[in-house]
Amino acid sequence: MTLRPAPMRTLDLADTAATERLGATLATVLARPCCVWLEGDLGAGKTTLVRALLRALGHAGSVKSPTYTLIEPYELAAGTVYHLDLYRLADPEELEFLGVRELADASSVLLVEWPARGAGFLPVADLVVALALHGDGRRARIEARTPRGAVMLQALPDKLEPAA
């Protein structure tokens, strides 16, 4: 049996506006329910991407990083989006007490920063978005981990066009 590599796409993001365009574009291809893991070092742009994604889905208020609360829910017309930041998670088992598995219902989206810290207690990622510094900008590697994720990845454009 030969294992096929997961479908993947790499995009260069020249600046913060390009990271925001990626977030807004991801919002257009999300198929509910889904779980998106966001990987990258501090300052890589994970929260910037989430903020743009939430705004594209209709959230008009502020978007705070849930570094201390761990989970920030956003009730939107299409369903709930949960933004999780696991950077300060002491033990992955804490996610069980927080009811993370129950958050993944038919209309929800989970956006998880620092998913490695929740290993074994998070839903499987449909997409993994890894952000890294690259030259003066960033590079995004987007990988599909499920058939649903592969459909979402396929729907992403090859290039992010600047806003008109």
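The values are calculated or read from the model by the stated rules, or taken from the named source; none is laboratory data. Everything quoted here is computed from the prediction, not taken from an experiment. Counting neighbours? That spans all protein chains shown, and the Cβs are built from the backbone with ideal geometry, glycine included.
The table that follows gives values for the structure above.
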| quantity | calculated |
| --- | --- |
| Pair list, Cβ under 7 Å, 6 or more apart: the range 148-159 residue among the charged types (D, E, K, R), other residue at pLDDT below 95 | 148/31; 148/34 |
| Some residue of the range 89-103 being within 26 Å of residue 9 (Cβ to Cβ) and of a type outside the set (S, T, N, Q) | no |
| Residue check, residue 95 aliphatic (A, V, I, L, M), at pLDDT 90 or above and either within 14 Å of the chain's Cα centre (by Cα) or surrounded by 20 or more Cβ atoms within 10 Å (Cβ to Cβ) (or both) | no |
| Enumeration of residues in the range 28-45 that are closer than 21 Å to residue 77 by Cα and surrounded by fewer than 19 Cβ atoms within 10 Å (Cβ to Cβ) | 28, 29, 31, 32, 33 |
| Options 129, 124; residue that is on the phi < 0 side of the Ramachandran plot, in a strand (DSSP E or B), at pLDDT 85 or above and β-branched (Val, Ile, Thr) | 129 |
| Selection count where residues are at pLDDT 90 or above and part of a strand (DSSP E or B), scope the range 134-164 | 7 |
| Cross-chain or 6+ apart pairs with Cβ under 9 Å, the range 107-133 first and closer than 17 Å to residue 46 by Cβ, then polar (S, T, N, Q) and in a loop (DSSP other than H, G, I, E, B) | 113/65; 113/67; 125/146; 126/146; 127/146 |
| Near pairs, Cβ below 7 angstrom, 6+ apart or cross-chain, from the range 89-106 (free of Cβ contacts under 8 Å to residues at least 60 places away in the same chain) to any residue that is exposed (fewer than 15 other Cβ atoms within 10 Å of the Cβ) | 92/119; 92/120 |
| From 64, 159, residue being exposed (fewer than 12 other Cβ atoms within 10 Å of the Cβ) and of a type outside the set (Asp, Glu) | 159 |
| Every pair of residues 6+ apart whose Cβ atoms lie under 7 Å, when the first sits in the range 33-58 and is closer than 13 Å to residue 111 by Cα and modelled with pLDDT of 95 or more while the second is of a type in the set (D, E, K, R) and assigned to a strand (DSSP E or B) | 38/113 |
